[in-house]
1. Just name the residue that is surrounded by the fewest Cβ atoms within 10 Å (Cβ to Cβ) out of those in region 17-48 that are of a type in the set (D, E, K, R) and at pLDDT below 95.
2. Would you mind finding the one in Leu95, Leu115, Leu43, Leu29 that is under 15 Å from the mean Cα position of the chain (by Cα) and without any contact (Cβ under 8 Å) to a residue 24 or more places away in the chain?
3. Scanning region 46-77 for residues that are of a type in the set (Asp, Glu) and in contact (Cβ under 8 Å) with a residue 12 or more places away in the chain, which turns out nearest to Glu5 (Cα to Cα)?
4. Return a yes/no flag: does region 50-64 have any residue that is surrounded by fewer than 16 Cβ atoms within 10 Å (Cβ to Cβ), farther than 22 Å from Lys101 by Cβ, hydroxyl-bearing (Ser, Thr, Tyr) and at pLDDT below 90.
5. All but one of (1) at pLDDT 90 or above; (2) surrounded by 13 or more Cβ atoms within 10 Å (Cβ to Cβ) hold for Glu77; which doesn't?
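The values are calculated or read from the model by the stated rules, or taken from the named source; none is laboratory data. Values in this document were obtained by computation on a predicted structure and should not be read as measured data. Here Cβ is always computed from backbone atoms with ideal geometry, including for glycine, and neighbour counts include all displayed protein chains.
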Amino acid sequence: MNFDELCGKVMNIDSEIRFAGILDKNGQLVSGGYKDGLSSHLLSDESKMSFHYASKAWESRMNLSHRVGKERFSIVEFEKVKQISVPVDAHNILLVSVEPKVEHNKIVTGILSLLNPA
C-alpha cells in the first residue's frame, strides 16, 4: 500500500480534514502531514508526543482484540480538534485530525472504504 497516496485520498474525503498521517508502532510519522496552509495546534515536540500517545493507545487496545475483535477505528474529541485513528495493517495506523464540528461518520466511512474497497 502506498501511504503517500492513501494520505492524499483521505485528505480529499472532506474539506475539514486538517491532517492525515501514517504512524508506526513507535509513534513515528511515516507518511502524510497537514493540509497546505494549516499547521498543528501543538508545538513540534507536542505533536511527536501526540503521535506517540496515539500509537500506544492503539497498542493497548490490541491487548483486548482476542476477546472483542480487531479495532476498526477510534475517535478522540478535544475542544479544538477530533482525532480519528484507523489501523492500516499490523504495524501502522492512520491518524486523521479534523475540525471538531465535522460529522466524523462520513470521514470514517470514507477511510474504511479506502482501506477495504468492495
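1. The selected residue is Asp36.
2. Checking each option against the conditions leaves just Leu29.
3. Step one: of region 46-77, the residues of a type in the set (Asp, Glu) are 46, 59, 71, 77.
If we keep only those that are in contact (Cβ under 8 Å) with a residue 12 or more places away in the chain as well, we get 59, 71, 77.
Numbers: Glu59: 25, Glu71: 23, Glu77: 26 Å.
So, considering only residues that are of a type in the set (Asp, Glu) and in contact (Cβ under 8 Å) with a residue 12 or more places away in the chain, the one nearest to Glu5 (Cα to Cα) is Glu71.
4. Yes, there is a match, as at least one residue in region 50-64 is surrounded by fewer than 16 Cβ atoms within 10 Å (Cβ to Cβ), farther than 22 Å from Lys101 by Cβ, hydroxyl-bearing (Ser, Thr, Tyr) and at pLDDT below 90.
5. The failed condition is (2).
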